[in-house]
Structures are given as structure tokens and as C-alpha cells.
1. Want the number for residue 128 to residue 162: 0.36 nm per residue separation, take away the alpha-carbon distance, what's left?
2. Estimate the FRET efficiency between residue 11 and residue 150 by the formula 1/(1 + (r/R0)^6), using the beta-carbon distance for r and 30 Å for R0, to the nearest 0.05.
3. If you build the Cα gyration tensor of the range 100-161 and take the root of 5 times each eigenvalue, what three semi-axes come out, in whole angstrom, biggest first?
4. Order 48-55, 129-136 from most to least packed using the mean count of other Cβ atoms within 10 Å.
5. Can you give the three extents of the C-alpha atoms in the range 4-58 along their principal axes, from longest to shortest, in whole Å?
6. Over all alpha-carbon pairs of the range 32-145, lay out the pair-distance distribution in 10 Å bins, whole %, shortest bin first.
7. Between residue 31 and residue 86, what is the spin-label point distance in nm, taking each point 7 Å from the Cα along the Cα→C-beta axis?
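A short reminder: the numbers here are calculations on the coordinates, not readings from a lab. This is a predicted model, so every value here is computed, not measured. Glycine also receives a Cβ, built like all others from the backbone with ideal geometry; neighbour counts cover every protein chain displayed.
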């Protein structure tokens, strides 16, 4: 997978927070413990595995999540990410999870029935990360991939194909059963499809936007209004984009919220 293209959703730069609040809810699996914000990073509240999901939106079905790991764990337990989570915090919680253990490497799992974690593939690539590196987890169709950023280079470290969960869901984090690890700069979101054609639309909802990608074809003189929550970094409630497209073959939507390339510059935000 390439470097993540979605924004950072939480830098954890705020006063200590226990339990997590705002856009977070603890315990994806009912058997897990809680997490907290401690000294501007995400941490455990006790020496027990902790999980939390970002409750602001569901994303996907194509989606990604990523984190920075300022401090690796000491225990033989994983630090990682969740995608496509449904019914979190209940007996029917389900979704995909990846984690990394320094001595064992990366592994991808699926959660079913609230508490049952089933490995989808064995461990791979132990010892490849250091403190300060990043982990990214993506789901595109039935393809699940884990990558890491080490020494400034993104590398694919593990993958598997599974079609158990094909819909949108929440994204989240998992921390191992010790109090030494830390997580920072949690990011993620929906990834755009590569095959949607846009023709004659006069307005586009947030649901529609999640489906558009670089292969989208726009009709000439299409006027677009983009709902703000697709691009949460923007201040305005509505981002108005007026395009004057004379050629439809090379026009596409960037995840950052720009239409282009254009034959002129009238489409820039």
C-alpha cells in the first residue's frame, strides 16, 4: 500500500483525559480495557489490553487507519489498528484488526461475536519497526494490507484476502497489556473508488464523495457543491466548487478536496 492519503484525526495534544472522550469510545471488544490521553499521547489505563473506536463517522467500505508509535510495547502483545468495525462495544462486535509485536511481527485478525479474535494469517516481519515509526492498515475490497514507515520509507509488511466484512465501519486502535507503550497521531478515513463515473450531477452528497476516485469522469460545465464533513479540515460548512471543464478525460477528485487537473485554473478551491 502507498503512504496514507487520509488526514490525521487526533493528535492527542490536549489535557490528560481518562477515560477517553469526544470522538472516542472505549472497548471495541467487551472484554477489553480502557485507554486514556496521557502527556499528549494515547496510553493504557492499566496493564490490560485496551481498545477504542473513533466514533465520529463510519468509513468505507474501502478505508485505512494509521498511527505513530513513539514507544513500543514491552509485553508480548500487539499494538495496532481496527477497520470496518460494526456494533463495537456489544456482544456482536465485528471487524478487522492488525497488530505488531516486536518479537513476532505483524498479524491480521478478524473479530466476531464481540470477543472472538481469529487470525487470518500468520506472523511476518518481526523486529522491523523502531520507536517513532508508523503503522498503516488498509482494506480495499477483500484485500487487507499492513504497512510500516521506518527510516522514512513506507514498506508493505503483510497482507491477506478476506471477504467476511464488506461494508463500511468504524476505525480504531488497540494497545497491548502493559503500560509502557504509546500511540500518537491517529489518522484514517474512507478511500476513493477507482471506477465511478460522474455525469451531469448538480450536487454531490458526502456519501457520493466517498465513492469518487481518480478515474471519475466529469461532464462539461458541471457545478459541484461538496458537503463539509467530507473534508473536516475545512472551516466552511459548505465548500462550493465551480468547474469549467472542457475535457473530461483527465479530471478527478483529490482526497484533499481539489478538482483537477483542468485546462484552466477555474476549478481550484
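1. 9.7 nm
2. The calculated FRET efficiency here is 0.90.
3. 22, 14, 10
4. 48-55, 129-136
5. 32, 26, 20
6. P(r) for the range 32-145, in whole percents per bin: 13, 45, 37, 5.
7. 2.2
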